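What follows draws every value from the coordinates through simple rules; no lab data is involved. Everything quoted here is computed from the prediction, not taken from an experiment. Ideal geometry is used to build each Cβ from the backbone, glycine not excepted, and the neighbour counts take in all protein chains shown.
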Amino acid sequence: MIESARGAAVNWAGNLTYGAREVLRPRTLDEAADLVASAAKPKALGSRHSFNTVADTPGGTHLDLSALAPVFSLDAAARTVTVSASARYGDLVTRLDASGFALENLASLPHITVAGSVATGTHGSGERHQGLASAVSSLTLLTADGTVLSLSRGDADFAGAVVGVGALGVVTSLTLDVVPTFSMRQDVYDNLPWTSALTHFDEIQAAGYSVSLFTNWARDVVDQVWLKNVVAPSAPSSPGDAISGPSGAGPTEIPASLFGAVPADGPRHPAHTAGVPAGNTTPQLGEPGPWYDRLPHFRLGFTPSVGAELQTEYFVPRSAAPAAFEALRALGHRIAPLLLVSEIRTIAADDLWLSPAHGRDSVALHFTWLPRQPEVEALLPTLEAALAPFAPRPHWGKLFHGEALALDYPRLADFRTLATRLDPTGKFRNPFLDRHVFGG
Ligand SMILES: Cc1cc2nc3c(=O)[nH]c(=O)nc-3n(C[C@H](O)[C@H](O)[C@H](O)COP(=O)(O)OP(=O)(O)OC[C@H]3O[C@@H](n4cnc5c(N)ncnc54)[C@H](O)[C@@H]3O)c2cc1C
């Protein structure tokens, strides 16, 4: 039996009404396979947190997989967990933790589905950590004719299929690498002088398991630096005390001053200028807690980020970070009036064909915009032109213009070949993919 919820679905930000004719909720994998095989333009929908039309299927059929029997299968010996594609990270992390395991990294919010996040190359922060898709060791998907295809790390097409931008089929489950559970602390510093951020960027990145810088590009300081660090089981918890990194990374000091930035005297919200209370953020001030309640900035059950907003993000090579910062600071007077906050994060290189961090250690330049889409879209070509010397790659789930962006993915031709093989009639393609992936 298939439930049908007819009517238009809207994305999380409310800036997009999808053009799908219907949203169908298969209750079994067989129903899902039949649907994929029979629908003219099927497309899986996650938690709808993307800001652009990557998840749209104009006139087609959206598949909401949340009515399928949930999958959660931990293999402690292999250190993997297999989960439903529609599982939200926030739903699986506590169960995983209760079993003594953790995911190596998480995004800024736990509200998003595993399949949707992986499909768009979603990431957290930390120079030693790859994007969330790199934790995938195998996945099962329904291809265009409803055939079940399982791919595992090492298979010829695997590295092409993980960041699939919804173009290859409907993923039904994914197996993720896990690590032993760990505790973390989160410390925020205020007012890092930009001169220090530019000079000491590498040391600041090395100061945390996960590091985020929040700025509006127009001030002389980076407003906030968020450091997330692993706490040794017996470590004391006040700022300045010794802590340990994961996997024998060794002790680290939480400094009393971070290159001129000072420890925050209370909890902070990244978009503090928007007047959003810090209550929807995860605990700070060095309070130890579980990994899943420190790695994301925002708590499940609360509105993440600001709510009324748009987002854009570009990945440039880590080595270009200072020059890219200067390029954006030169545009600070144009960016700041439209901005709620910008976040700077680092991501380790991976080998996934359409991952924005493919083949290069990256710095991600993120913009949380006011919900003024025409003005934001008018500014994006200027931003992209300023970043063009650094071969920026846009986040697949956020707003970008794209005209000035070279599709700098060495395996793009292989991805197109794979997509055409798995989906010969282009069932899963949409105008976004035609324009930005297939070059139509
Ligand atoms: C407040 C906020 C904070 C964010 N923070 C971060 C962050 O810290 N880091 C970051 O990198 N991004 C971040 N994002 C972006 C977000 O992670 C991506 O947009 C992600 O794709 C959202 O997942 P979703 O489940 O909502 O997917 P959707 O937006 O629903 O779908 C995205 C794509 O995945 C495909 N898809 C979904 N499910 C399946 C499936 N089962 N099989 C095949 N394809 C599927 C869809 O077809 C579509 O192409 C943030 C977004 C918001 C709104």
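Here are a few things to note about the model shown:
- Within the range 343-434, the trypsin sites (Lys or Arg not before Pro) that combine a DSSP coil assignment with at most 14 other C-beta atoms in a 10 angstrom radius are 372.
- Between residue 156 and residue 220, the contour length at 0.36 nm per residue exceeds the Cα-Cα span by 18.2 nm.
- With θ taken as phi - 60° and the Karplus curve 6.51 cos²θ - 1.76 cosθ + 1.60 applied, the whole-hertz 3J(HN,Hα) list for the range 272-280 is 5, 6, 7, x, 7, x, 6, x, 9 Hz, x standing for glycine and proline.
- Taking every Cα-Cα distance in the chain and sorting them into 20 Å bins starting at zero, the pair-distance distribution P(r) comes out as 27, 59, 14, 0 percent.
- Each of 124, 356, 295 was placed along the dipole of the chain (beta-carbon charges, centred on the mean Cα), and the one lying farthest toward the positive end is 356.
- Placing +1 on each Lys and Arg Cβ and -1 on each Asp and Glu Cβ, with no other charges, gives the chain a dipole about its Cα centre of roughly 660 debye.
- Legend: translational diffusion of the range 3-66 by Stokes-Einstein, Rh = Kirkwood radius over C-alpha pairs, 25 °C, 0.890 mPa s; D = 209 µm²/s.
- Rough spin-label spacing in nm, given labels placed 7 Å along Cα→Cβ, for residue 29 and residue 334: 5.1
- Counting only Cβ charges, +1 for Lys and Arg and -1 for Asp and Glu, the dipole size of the range 3-66 around its Cα centre is about 200 debye.
- Farthest toward positive dipole pole in the range 9-53 [+1 Lys/Arg, -1 Asp/Glu at C-beta], among 44, 23, 13: 13
- Cα centre as origin, Lys/Arg/Asp/Glu Cβ charges: the range 68-180 dipole, Debye: 160
- Approximating the spin labels as points 7 Å out from Cα along Cα→Cβ, the residue 391-to-residue 403 distance works out to 2.4 nm.
- Globularity index of the range 68-180 is 1.00 (Cα radius of gyration / 2.2 N^0.38 Å, N = number of residues).
- Here the residues 196, 86, ranked from fewest to most Cβ neighbours within 10 Å of their Cβ, fall in the order 196, 86.
- Using every pair of distinct Cα positions in the range 361-420, the Kirkwood expression returns a hydrodynamic radius of 13.2 angstrom.
- The distance separating the Cα centre of the range 156-232 from that of the range 330-375 comes to 12 Å.
- Selection among 186, 211, 335 by position relative to the dipole of the range 183-394 gives 335 as farthest towards the positive end (Cβ unit charges, Cα centre).
- Here is how the number arises for the chain: DSSP H runs of 4 or more residues each give -39500 (n - 2.57), the sum is divided by the residue count, and the result at 222 nm is -5500 deg cm²/dmol.
- Overall form of the range 132-185 per C-alpha gyration tensor (a/c, 1.5; a/b vs b/c): prolate
- Restricting the range 324-423 to GluC sites (Glu not before Pro) in coil, as DSSP defines it, with at most 10 other Cβ within 10 Å: 403
- Once the chain from residue 198 to residue 420 is taken as fully extended at 0.36 nm per residue, the excess over their C-alpha distance is 75.5 nm.
- Stokes-Einstein D in µm²/s, Kirkwood radius over Cα pairs - the range 63-121 at 37 °C with 0.692 mPa s viscosity: 271
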